[in-house]
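Below is one structure, written out as C-alpha cells; the observations come after it.
Since every read-out is calculated from the coordinates, none of them should be taken as a lab result. What you see is a predicted model, and the numbers here were worked out from it, not measured in a lab. Here the Cβ positions follow ideal geometry from the backbone for every residue, glycine too, while neighbour counts run over all protein chains shown.
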Amino acid sequence: MNNNPQLNKHGELQHLLTTEGLPSSILLNILDTAESFVGVTERDIKKVPLLRGKSIFNLFFEPSTRTRTTFEIAAKRLSADVVNLNIAASSQSKGETLLDTVDNLSAMHADMFIVRHSQSGAAHLIARHVRPEIHVINAGDGRHAHPTQALLDMFTIRHYKRDFNNLRVAIVGDILHSRVARSQIHALTTLGVPEVRVIAPKTLLPNKVERLGVHVYHDMEQGLKDVDVLLMLRLQNERMLGSSLPSSEEYFKYYGLTQEKLSLARQDAIVLHPGPMNRGIEIDSAVADGKQSVILPQVTFGIAVRMAVMSILTGN
Ligand code: CP
C-alpha cells in the first residue's frame, strides 16, 4: 500500500502530478523511454500506433506555448485523438464548475486529461475525482508543480552531461513563485545530483528552502562558481502580489545572466530556461542565443518526454 496519489496499488504511475515523492526508478524509466522516442521524432513518418483509439483532452486554463503544443504533438505522434478545449469559449464562462466540465468530457470517453491551471492542486482534484481508468497529467498548477517541464530538463541535462552524480546545478531567479523550480529540485535531488544551489534575492526565495536539500546563495558571483548546469527562471510578475523587487533594471544588474556572469561557471556549463524568457531581465540575449544555451533543444526533447509519460501512464 502506498500513500502517493499518483501511483496505483502496484506502485505504477497512474497520474503524473508532481515529481515530489516519485522514486528514481520511475523518473529514470520516463527518461529512458523518452530516449527511445527521440528516434521516432527524427524519422520521416513521426508516428507510432501506441495510443491509437485513445482520446486525450488538453485543458489549459492558463496561457501556454510550449507545453500545450508539445503535448498535442506528442499525443498525435502516439496516434491518439487530441481535443484542445477552448476554455474561453467553453461553458466555464457560464459558470460550469471544473469538475462538471471534467465529468462531461469523461462522458465523451476521455482517456486522459492534461491540465494547466492557476490554482495549485487543480490537477490533484481532478485525479481524485475521475474513474480509475482515466489518467491525469499536471501541466502546471499555480506555484506548485510542473513535472513534465522538470523531466524534460532532466532529460536535457543527462543528454549533455551523461550522468547526474557528479554535477553542480544552480537554479537562478524567482524560486518563490516558480512551480518549475520546485519540480526541478525534487527531480535533481532524487536523481542523485550532489549539489543543488538556488541563487536569488531573499524576497524571491520560499521560507526555509534549504529544507529541500539545496544550498542558498544571494550572490551570483559566489553561486555560479564552478557550476555545470544553470537553470534560469522567469520573473513571474503575474504571481507577485506586491512588489518583491525594486525594478527589473536592478534585477538584471544583480541576477540577470550575462556572458560575464556565465564565465564564472565551468567552461562547458550549459544554460537552460523553461520559457517564456524575459530577455534583458533574467537573461541577456547574448547568452540566450549563445553557444552554451540549450534552450531550444529543451523544447524539442519535451516532445519525446511527454510521449514517454503518456505511453507509460497507459501501459503502452
Ligand atoms: N515552460 C512552459 O511551461 O512554457 P509554456 O508556458 O509556454 O507552456
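In the chain, a dipole from Cβ-located charges (positive for Lys and Arg, negative for Asp and Glu) runs towards its positive end, and of 150, 292, 28 it is 28 whose Cα lies farthest in that direction. Computed from point charges on the beta carbon alone (+1 for Lys and Arg, -1 for Asp and Glu), the dipole magnitude for the chain about its Cα centre is near 320 Debye.
Overall, region 64-206 carries a charge dipole of about 580 debye about its Cα centre when +1 sits on the Cβ of Lys and Arg and -1 on the Cβ of Asp and Glu, all other atoms neutral. In terms of distances greater than 21 angstrom between alpha carbons, the cross-link table entries 46/291; 76/291; 225/261; 261/291; 54/94 yield 46/291; 76/291; 54/94.
Other residues lying with their Cβ under 12 Å from the Cβ of residue 283 contribute a combined charge of 0, Lys and Arg counting +1, Asp and Glu -1. Computed from Cα positions, the angle between helix 179-190 and the longest principal axis of the chain comes to roughly 80 degrees.
Restrict the search to region 173-217; then list the trypsin sites (Lys or Arg not before Pro) that DSSP places in a loop and that have at most 13 other Cβ atoms within 10 Å of their Cβ. Each step should come with its number before you reach the end.
On the way: sites: 179, 182, 197, 202, 208, 211; in loops: 208.
Of the trypsin sites (Lys or Arg not before Pro), the ones in loops of region 173-217 whose Cβ has at most 13 other Cβ atoms within 10 Å are 208.
For region 144-297, the Cβ-based charge dipole about the Cα centre amounts to some 400 debye (Lys, Arg positive; Asp, Glu negative; other atoms uncharged).
Of 24, 285, 90, the residue with the greatest mean-square motion in the GNM of the chain, using alpha carbon springs below 10 Å, is 90. Mean-square fluctuations from a GNM of the chain, with a 10 angstrom spring cutoff on Cα atoms, peak among 168, 77, 128 at 128. Compared with the dominant Cα axis of the chain, that is its longest principal axis, helix 24-41 is turned about 80°. Between 108, 232, 154, the residue with the greatest mean-square fluctuation in the GNM of the chain (Cα pairs under 10 Å linked by springs) is 108. In the chain, the longest principal axis of the Cα atoms and the axis of helix 295-313 are about 30 degrees apart.
Do any GluC sites (Glu not before Pro) in region 12-57 lie in a loop, going by DSSP, with at most 11 other beta-carbon atoms within 10 Å of their beta carbon, and if so which?
Details: sites: 12, 20, 35, 42; in loops: 12, 20, 42.
Counting only loop positions with at most 11 other Cβ atoms within 10 Å, the GluC sites (Glu not before Pro) in region 12-57 are 42.
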